[in-house]
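What follows draws every value from the coordinates through simple rules; no lab data is involved. Please read these numbers as outputs of a predicted model, since none were measured by experiment. Cβ sites come from the backbone with ideal geometry, for glycine too, and all protein chains shown count toward neighbours.
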Amino acid sequence: MTYLVLTLIGPDRPGLVEAVAAVVAAHGGNWLESRMAHLAGKFAGILRIEVPSDKAASLQSALAELDARGLKVVGESASGATTVAGGRTLYLELVGLDRPGIVREISQLLSGSGANVEELSTDRSSAPMSGEMLFEAKARVRLPSSADLSKLRAALERLASDMMIEIRLVETALETKPRKS
């Protein structure tokens, strides 16, 4: 089997997921996991599939043909393994008044601590009372075993105070359910 990670983007309209799924299925592929969203009139997504090795090249060609329908698909070979590396899984939640640079400052601090952002979701919404724009972020972060969690917490608290935002960091146990490969 060959594993591929695909990224796709195009003008949002009904049938985009079906178009990709049909091509994957026609080549004997299996849709393993994905994240997709409507953003600013575009449909964007990432997904991981497996396909018989002898059909991987023809699948890539067929996916490239979706460009004629307005959907750009890029595929990259990947390993089939989804094993979780050592360390701690942390969940970060952030909310505060929107302003440029929030993601940069938080990600800079995390990176400086050796943390890897594995998943990030952000959104803006209108504050209930004032109507000002709120920025919200949720992230799954992997912190190496050698990193000092208390120093990271203290640094995040200082940054939250400086930026006048709320940050919540929760340490969780590693997932116990097996992941498909």
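Numbers at a glance
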item	result
Estimated FRET transfer efficiency (Ala40, Val103; beta-carbon r; R0 22 Å; 0.05)	0.85
Taking N as its residue count, the alpha carbon Rg of segment 88-172 over 2.2 N^0.38 Å	1.08
For Leu32, residues with placed amide H under 5 Å, excluding near neighbours	Arg48, Ile49, Glu50
Length released on extending from Thr89 to Ala22, taking residue separation times 0.36 nm less the Cα-Cα span	20.6 nm
Viscosity 1.002 mPa s, 20 °C: Kirkwood-radius Stokes-Einstein D of the chain over Cα pairs, µm²/s	114 µm²/s
Under Karplus coefficients 6.51, -1.76 and 1.60, residue-wise ³J(HN,Hα) of segment 54-68 in Hz, glycine/proline x	6, 10, 5, 5, 5, 5, 4, 5, 5, 5, 5, 5, 5, 4, 5
Helix-only [θ]222 nm of the chain, DSSP H runs n ≥ 4, -39500 (n - 2.57) each, per residue, nearest 500	-8000 deg cm²/dmol
Charge sum, other residues only, whose C-beta stays under 13 Å from Val5's C-beta, Lys/Arg counted +1 and Asp/Glu -1	-1
Segment 88-172, dipole about Cα centre (Lys/Arg Cβ +1, Asp/Glu Cβ -1), debye to the nearest 20	240 debye
Note, ³J(HN,Hα) from phi for segment 36-44, Karplus 6.51, -1.76, 1.60, rounded to Hz, x at Gly and Pro	9, 7, 8, 9, 6, x, 10, 10, 10
Environment charge of Ile106, counting only residues whose C-beta is closer than 13 Å and scoring Lys/Arg +1, Asp/Glu -1	-1
At R0 = 41 Å, FRET efficiency that the Cβ-Cβ distance of Ala78 and Ser161 yields, to 0.05	0.55
Fully extended contour minus Cα-Cα distance, from Arg69 to Arg124, at 0.36 nm per residue	16.7 nm
Neighbour count of at most 14 Cβ within 10 Å plus DSSP loop: longest GluC sites (Glu not before Pro)-free window in the chain	1-131
27 Å Cα cut-off, lysine pairs counted over the chain (separation 8 or more, or different chains)	8
Cβ-placed point charges (K, R +1; D, E -1), dipole of the chain about Cα centre in debye, nearest 20	200 debye
10 Å beta-carbon shell around Arg168, net charge (K/R +1, D/E -1)	-1
Magnitude of the charge dipole, segment 2-78, Cβ model with Lys/Arg +1 and Asp/Glu -1, debye to 20	200 debye
Placed amide H near Leu134: partners under 5 Å, 5+ positions off or other chain	Asp98, Ser125, Ser126, Ala127
